[in-house]
Amino acid sequence: MAGICGFYHKDNVKAECLKAMSMTLQHRGPDGYKEEYVQTAAGSLGIAYNKLNIQDSIQESVQPLWSEEQRILLAYDGSIYNVDALKKELPGFSWRGKGIAEVLTAAYLKWGIDFLNHIDGMFAMVIFDRQDNTLYLCRDHMGKKPLYYHYDVRQNIVFGSEIQAILTFPQIKKEVNINILPSFLYHWYFQEPDTAFKDIYKIKKGHYIKIQNGALSEHAYWTIGQAYTEGQKKLVTDYDEAKYELNLLLKEAVRKRMEGTDKTGAFLSGGYDSSMVCALMQENSIQKIRTYCMGFEDSAFDERGYAERVANHLGTEHRNLCISDREMLDTLERSVKNNALPIADYAVIPTIVMASEAKKDNDIILTGVGGDELFMGGLSIYAALDEAQKHALTGKIIYYSRKVPLLKNIKALNNLPFNLRLVAMDQNKKAATQIGACDMFDTIRRMLVQPIANSSFYFEIEDRYPEKNYGARRSLVDLDSYTVELELLKEDSATMRAGIERRCPIYDKKVMEYVFRMPYQFKMQGDGGKRILRDVLYEYVPRELVDRPKSGFNIPAERLLNTYLKDELLELSSPAYLRRQGLFHPEHASEIVRDYLKPENERKMKGHFGIMWTFFIYQKWYREWMSGAEN
């Protein structure tokens with residue numbers, strides 16, 4: 001695990017600049033530092049590496065590492081699980097005891113950039129090939145490790161594990177990305193490759209970018225759409241066989257993520273996903289594994305009892321934590337100050353606290369992230385879409401009826417039940433499963449200065465997936481967006497700030513590719529998702545301990561926003577502040593916020609807490625990170 005940063009620049013950049021960039025990433029790697037600064041025919045190359053001792057804790061393995069003949073320079077953040085298998089495929093190389101990076105450079109020398117398809121692990125990686133002065137920036141198949149870059153009109157590139165490293169580079173100007181703001185307010189995250197900053201981008205998951213002779217090109221080596229397409233060609237039709245194989249694959253995914261240290265713990269909410277991971281961890285360990293759950297003074301959000309019952313059944317060494325309102329507010333402040341990208345998922349607060357506690361006794365923490373989207377459960381939208389699709393023809397008729405002037409204002413056509421709104425509000429085939437929240441779209445339109453089209457709220461990507469079932473297709477959309485941009489980002493930010501490595505076995509590539517071979521009926525049955533995962537879990541944990549509605553480390557965020565944070569929300573939405581900022585309509589946005597802060601029975605608009613929370617987080621972030629950069 002590490003923080004990596006650097007540049008490939010036509011100007012003669014001073015080495016001190018590289019050091020300043022790396023200082024912003026010390027929390028990601030407090031156990032070692034190294035940098036390489038090279039003058040090439042194409043310009044100045046600098047790569048810096050802050051190391052966290054998890055894998056490769058010996059001094060000789062500190063990166064960036066040159067290959068033996070000094071052709072390849074490589075640095076990576078992450079963990080690689082198939083090092084021994086790779087070595088067997090690389091006969092003839094004489095190993096110098098330089099750790100995993102040495103194996104990766106050898107793999108590159110054998111297979112070229114296609115070596116990414118041979119790696120089993122999570123990573124963000126930088127590779128420089130001196131033979132043709134080519135720089136590669138790469139991310140693992142699900143983007144578990146972050147990597148950002150800035151590329152300017154002069155074909156200079158600056159990159160880093162976190163955006164604050166890029167902002168340290170002297171020639172980069174902080175400008176907000178106005179075009180992505182509507183989508184952020186609605187979805188709570190920035191869809192790849194965009195970020196909150198203009199001209200700063202993410203490397204997409206399963207992609208690499210190549211910089212050669214100044215020109216940048218983007219390449220995919222693994223995508224959810226392609227993996228799902230290939231999987232559906234080899235459907236597993238026997239349910240018992242699928243359950244057996246899934247159990248084996250999950251066991252192996254957990255085992256290899258525990259390998260190499262006995263200081264491995266897990267977050268346990270008592271839900272299906274985290275219980276599955278913890279059950280397999282305990283089966284794989286001769287010692288009691290350490291598990292952690294977060295509770296709250298507000299009993300409506302407290303999962304400690306559920307987690308404790310599962311922990312007692314499994315025999316883990318369990319710790320229930322409890323966070324007060326004051327601690328939640330303080331943690332939120334730290335999150336905004338520490339992250340140059342706004343993180344609107346309020347579950348980042350308990351994740352930060354649990355990561356800090358887990359670090360006291362662990363180097364690695366496993367989580368159950370991914371089960372909802374991969375197995376179509378936890379989120380009610382999948383079952384709702386499954387039901388809504390049955391009314392697709394009715395929805396199409398309603399959609400076109402609303403375009404007739406004499407009919408468009410008929411009340412019944414504008415106050416549809418949810419399952420009809422999902423199929424009647426739009427007929428965009430590239431976003432068919434994302435329809436239904438037009439009232440929220442209208443609110444965001446009123447709040448923002450810039451005109452907004454409906455397409456600003458959709459991810460027009462559904463033609464990637466050869467899946468006709470709406471629920472199954474939406475789960476693929478979420479795997480391609482929500483999971484990476486919200487869930488994985490939140491976990492990486494919280495755990496790396498605490499100096500502990502997070503691993504997520506459910507997103508093991510072999511597990512995912514096998515699940516993609518299943519018909520959706522193996523995952524969704526009636527209105528209950530995660531069918532096959534639940535059936536595997538019941539072999540380890542009695543169903544009465546885990547069958548309950550999903551919560552997932554939620555916090556009483558709405559109560560906090562309406563009480564402790566109310567004055568700050570009013571301040572950040574005042575007409576005077578919004579005029580100076582220039583992003584939000586001073587009167588409209590202020591009016592909407594004040595309406596939200598009324599007692600619920602007096603509000604003109606209902607169900608808009610999500611927009612208010614993301615607006616609040618964005619405004620806090622803006623004040624922290626864009627000070628002096630108002631439009």
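Data table
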{"read-out": "Unmet criterion (only one of (1) buried (at least 23 other Cβ atoms within 10 Å of the Cβ); (2) of a type outside the set (Phe, Trp, Tyr); (3) without any contact (Cβ under 8 Å) to a residue 60 or more places away in the chain) for residue 166", "value": "(3)"}
{"read-out": "Residues that are open to solvent by 70 Å² or more (accessible area, probe 1.4 Å) and at pLDDT below 95, drawn from the stretch 296-308", "value": "297, 299, 300, 306"}
{"read-out": "Leading residue by the ranking (modelled with the lowest pLDDT) among those in the stretch 601-631 that are among the polar types (S, T, N, Q) and closer than 18 Å to residue 574 by Cα", "value": "631"}
{"read-out": "Only listed residue being over 25 Å from residue 121 (Cα atoms), at pLDDT 95 or above and aromatic (Phe, Trp, Tyr), chosen from 520, 514, 564, 507", "value": "564"}
{"read-out": "Enumeration of residues in the stretch 549-591 that are touching a residue at least 24 places away in the same chain (Cβ under 8 Å), in a helix (DSSP H, G or I) and not basic (Lys, Arg)", "value": "557, 558, 560, 561, 562, 568, 569, 570, 572, 581, 588, 589"}
{"read-out": "Cβ pairs under 7 Å, 6+ apart, first in the stretch 530-542 and over 21 Å from residue 315 (Cβ atoms), second surrounded by fewer than 22 Cβ atoms within 10 Å (Cβ to Cβ) and polar (S, T, N, Q)", "value": "531/525"}
{"read-out": "In the stretch 359-380, the residues that are open to solvent by less than 30 Å² (accessible area, probe 1.4 Å) and either outside any loop (DSSP other than H, G, I, E, B) or within 18 Å of residue 424 (Cα to Cα) (or both)", "value": "364, 365, 366, 371, 372, 373, 374, 375"}
{"read-out": "Which listed residue, of 452, 532, 444, 555, is closer than 24 Å to residue 284 by Cβ and aliphatic (A, V, I, L, M)", "value": "532"}
{"read-out": "Complete set of residues in the stretch 233-243 that are in contact with an Asp or Glu (Cβ under 9 Å, 6 or more places away or on another chain) and surrounded by fewer than 16 Cβ atoms within 10 Å (Cβ to Cβ)", "value": "239"}
{"read-out": "Among residues of the stretch 485-508, those that are of a type in the set (Val, Ile, Thr) and closer than 15 Å to residue 374 by Cβ, counted", "value": "1"}
{"read-out": "Filter result for the condition that a residue is at pLDDT 95 or above, hydrophobic (A, V, I, L, M, F, W, C) and under 22 Å from residue 373 (Cβ atoms), over 336, 277", "value": "277"}
{"read-out": "Strands (runs of 3 or more DSSP E) completely within the stretch 232-348 that count 1 or more residues being β-branched (Val, Ile, Thr) and more than 30 Å from residue 160 (Cβ to Cβ)", "value": "290-296, 317-323"}
{"read-out": "Unique residue being in contact with a strand residue (DSSP E or B) (Cβ under 8 Å, 6 or more places away or on another chain), surrounded by 20 or more Cβ atoms within 10 Å (Cβ to Cβ) and in a strand (DSSP E or B) when the list is 116, 74, 104, 18", "value": "74"}
{"read-out": "Single unsatisfied condition, residue 135 versus (1) more than 30 Å from residue 366 (Cβ to Cβ); (2) surrounded by fewer than 23 Cβ atoms within 10 Å (Cβ to Cβ)", "value": "(2)"}
{"read-out": "Odd one out for residue 311, checked against (1) of a type in the set (A, V, I, L, M); (2) touching a helix residue (DSSP H, G or I) at 6+ places or on another chain (Cβ under 6 Å); (3) open to solvent by less than 10 Å² (accessible area, probe 1.4 Å)", "value": "(2)"}
{"read-out": "Set 90, 109: member being part of a helix (DSSP H, G or I), surrounded by fewer than 22 Cβ atoms within 10 Å (Cβ to Cβ) and over 28 Å from the mean Cα position of the chain (by Cα)", "value": "109"}
{"read-out": "Criterion (in contact (Cβ under 8 Å) with a residue 24 or more places away in the chain and closer than 21 Å to residue 329 by Cβ) met by exactly one of 596, 622", "value": "622"}
{"read-out": "Of all residues in the stretch 24-52 being aliphatic (A, V, I, L, M) and either within 22 Å of residue 363 (Cα to Cα) or open to solvent by less than 10 Å² (accessible area, probe 1.4 Å) (or both), the one that is modelled with the lowest pLDDT", "value": "52"}
{"read-out": "Condition check for residue 224: in contact with a strand residue (DSSP E or B) (Cβ under 6 Å, 6 or more places away or on another chain) and open to solvent by less than 60 Å² (accessible area, probe 1.4 Å)", "value": "no"}
{"read-out": "Answer residue from the stretch 320-358, given it is over 19 Å from the mean Cα position of the chain (by Cα), open to solvent by less than 20 Å² (accessible area, probe 1.4 Å) and hydrophobic (A, V, I, L, M, F, W, C) and is farthest from residue 298 (Cα to Cα) among those", "value": "358"}
{"read-out": "Per-region count, the stretch 608-624, residues under 18 Å from the mean Cα position of the chain (by Cα) and of a type in the set (A, V, I, L, M, F, W, C)", "value": "1"}
{"read-out": "Selected residue (criterion: nearest to the chain's Cα centre (by Cα)) from residues of the stretch 21-48 that are part of a loop (DSSP other than H, G, I, E, B) and farther than 19 Å from residue 498 by Cβ", "value": "42"}
{"read-out": "Sole residue being buried (at least 18 other Cβ atoms within 10 Å of the Cβ), free of Cβ contacts under 8 Å to residues at least 40 places away in the same chain and not aliphatic (A, V, I, L, M), chosen from 458, 507", "value": "458"}
{"read-out": "Hits in the stretch 195-221 - residues which are basic (Lys, Arg), assigned to a strand (DSSP E or B) and open to solvent by 50 Å² or more (accessible area, probe 1.4 Å)", "value": "210"}
{"read-out": "Yes/no for residue 152 being of a type outside the set (Gly, Ala, Ser), crowded, with 19+ Cβ neighbours inside 10 Å and more than 19 Å from the chain's Cα centre (by Cα)", "value": "no"}
{"read-out": "Test: residue in the stretch 383-391 that is under 21 Å from the mean Cα position of the chain (by Cα), surrounded by 16 or more Cβ atoms within 10 Å (Cβ to Cβ) and not hydrophobic (A, V, I, L, M, F, W, C)", "value": "no"}
{"read-out": "In the stretch 77-87, residue surrounded by the fewest Cβ atoms within 10 Å (Cβ to Cβ) [restricted to those that are outside any loop (DSSP other than H, G, I, E, B) and not charged (D, E, K, R)]", "value": "85"}
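The values are calculated or read from the model by the stated rules, or taken from the named source; none is laboratory data. Here the structure is a predicted model, which is why all the values come from computation and not from measurement. Note: ideal-geometry Cβ built from the backbone for every residue, glycine included; neighbour counts use all protein chains shown. Just so you know, the surface numbers come from the protein's heavy atoms only, side chains and all, with ligands and any DNA or RNA stripped out. Shrake-Rupley method; radii C 1.70, N 1.55, O 1.52, S 1.80 Å.
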